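I have placed the structure first, in the form of structure tokens, so that the comments after it can refer back to it.
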Amino acid sequence: MEGTTVQRPHISAALTCSAALLLAPLLAGCGGTAEADTQPPSVPAGVTAQASSSTSVHVMWEAASDNKTIAGYEVYRGKEKVKSVPATKTMIDVDGLTASTDYTFTVRSKDTAGNLSEPSKAVPVTTQATPAKDDKPPTAPTKLTGTADGSRAATLSWGKSTDDVGVTSYDIYQEDSRIHSVPASETTAKLTGLRPGTVYTFTVRARDASDKSSPDSNALDLTTASAPGAPASTAPTGLRSEIGKEGGEFTVDLSWDQPDTGGEIPAYELYLNGKLTTTIVWGGTPPKGRATYRLHLSDPAGTRYSVKLRAKLPDGKWGDFSAQPTIVLAD
């Protein structure tokens with residue numbers, strides 16, 4: 001229309017200014033004034049590399065620290081990153097290697113802001129030679145014993161295994177997860193990073209150059225000391241199992257020492273693989289001393305379960321969990 005001027009540039013400018021005003025508090029609320037985390041975490045210390053077999057190397061290190069939070073670790077073979085590991089782990093197996101070959105490994109820590117530490121000291125290792133024909137796994141380590149060293153560490157020792165070709169390492173397991181490894185020349189291990197006032201179940205397996213693992217050693221329960229001021233543990237101890245058959249089902253006869261709670265324990269919760277399976281309620285007067293319970297399972301032979309339980313305390317609360325041994329259904 002004649003005589004009418006459409007001032008589009010002014011409208012655009014006004015919208016832009018309004019948008020900026022609206023965004024400003026949002027940006028400020030999202031931490032726009034917070035300082036960015038540019039500080040890298042510490043360099044992982046104590047890096048070791050152990051040739052587990054002719055084609056694999058076991059790399060371990062000590063936990064790093066950061067001004068904020070460690071997100072994980074990166075493992076390098078030479079200059080190539082080969083593994084990324086979450087912050088909860090400080091070891092990894094690197095597979096797919098060549099027999100009788102020299103390698104070097106380094107580890108870098110990474111924080112939640114993406115900052116990487118400098119590489120650790122490079123650790124050399126040589127993979128083992130291709131083994132002779134090796135048809136049998138090693139025998140199980142014997143007489144596993146140990147002590148809790150304060151509230152956050154433990155020391156284990158065991159008898160040597162034998163193998164038709166040769167044992168190359170011993171792997172320490174807790175709740176069916178490998179947490180540490182030592183060379184075949186060692187029959188002791190120092191475990192750190194444990195939690196205070198906690199019951200642990202440890203087993204050891206031997207491994208040979210063909211990466212065959214032995215059966216588990218005997219299971220060992222250890223309880224770390226409570227932290228200062230913490231209440232006494234209410235966890236059941238000495239949890240043991242005996243596997244049998246009844247008709248077409250497996251039976252698992254569990255027994256354990258009841259915790260001292262200052263009163264009768266009316267019930268227990270039983271967990272398999274971390275999931276509540278049943279609540280054990282006594283039909284009459286609760287037993288004293290060692291308690292027993294039979295569990296029926298219809299799974300096939302070879303099925304593995306981790307087992308743990310906890311008591312219902314006199315005040316109605318649930319107590320601490322027991323150690324968590326692993327059972328294998330076998331005929």
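The values are calculated or read from the model by the stated rules, or taken from the named source; none is laboratory data. Keep in mind it's a predicted model, so treat the numbers as computed, not measured. Reconstructed Cβ throughout: ideal geometry from the backbone, glycine too, with neighbour counts over all protein chains shown.
Look at region 316-331: where a residue is over 29 Å from Lys245 (Cβ atoms) and a partner is outside any loop (DSSP other than H, G, I, E, B) and not charged (D, E, K, R), sitting 6+ places away or on another chain with Cβ atoms under 8 Å, you get Trp318/Ala311; Gly319/Ala311; Asp320/Val199. Report whether or not Trp256 is under 27 Å from Pro196 (Cβ atoms), surrounded by fewer than 16 Cβ atoms within 10 Å (Cβ to Cβ), in contact (Cβ under 8 Å) with a residue 40 or more places away in the chain and not aliphatic (A, V, I, L, M). Judged against the criteria, Trp256 is not a match.
Within region 60-85, the set of residues being of a type in the set (A, V, I, L, M), part of a strand (DSSP E or B) and closer than 15 Å to Thr48 by Cα comprises Met60, Val75.
Restricted to region 292-331, and to residues that are hydroxyl-bearing (Ser, Thr, Tyr) and part of a loop (DSSP other than H, G, I, E, B), which residue is nearest to the chain's Cα centre (by Cα)? Looking at the filtered set, the residue picked out is Ser322. Residues in region 150-176 that are surrounded by fewer than 17 Cβ atoms within 10 Å (Cβ to Cβ), of a type in the set (Val, Ile, Thr) and at pLDDT 90 or above: Thr155, Thr162.
Residues of region 49-77 that are at pLDDT 95 or above and over 16 Å from the mean Cα position of the chain (by Cα): Glu74, Val75, Tyr76, Arg77. Can you tell which of Ser161, Ser169, Ser151 is assigned by TED's automatic domain parsing to the domain that holds Pro183 and out of contact with any strand residue (DSSP E or B) (no Cβ under 6 Å at 6 or more places or on another chain)? On inspection, the qualifying residue turns out to be Ser151. Return the residue satisfying two criteria in turn: it lies in region 190-218 and is of a type in the set (A, V, I, L, M) and assigned to a strand (DSSP E or B), and of such residues it is surrounded by the most Cβ atoms within 10 Å (Cβ to Cβ). Going through the qualifying residues, I end up with Val204.
Candidates in region 146-168 are the residues that are out of contact with any Leu (no Cβ under 9 Å at 6 or more places or on another chain) and among the polar types (S, T, N, Q); of these, the one that is nearest to Ala129 (Cα to Cα) is Thr168. Looking across Thr106, Thr112, one residue alone is surrounded by fewer than 16 Cβ atoms within 10 Å (Cβ to Cβ) and over 22 Å from Arg207 (Cβ atoms). It is Thr112. Candidates Pro287, Pro300, Pro314, Pro266: the one that is in contact with a Pro (Cβ under 7 Å, 6 or more places away or on another chain) and not basic (Lys, Arg) is Pro266.
Considering only residues in region 219-240 that are part of a loop (DSSP other than H, G, I, E, B) and among the β-branched types (Val, Ile, Thr), the one that is nearest to the chain's Cα centre (by Cα) turns out to be Thr224. For region 170-189, a tally of residues being touching a His at 6+ places or on another chain (Cβ under 7 Å) and either assigned to a loop (DSSP other than H, G, I, E, B) or touching a residue at least 60 places away in the same chain (Cβ under 8 Å) (or both) returns 1.
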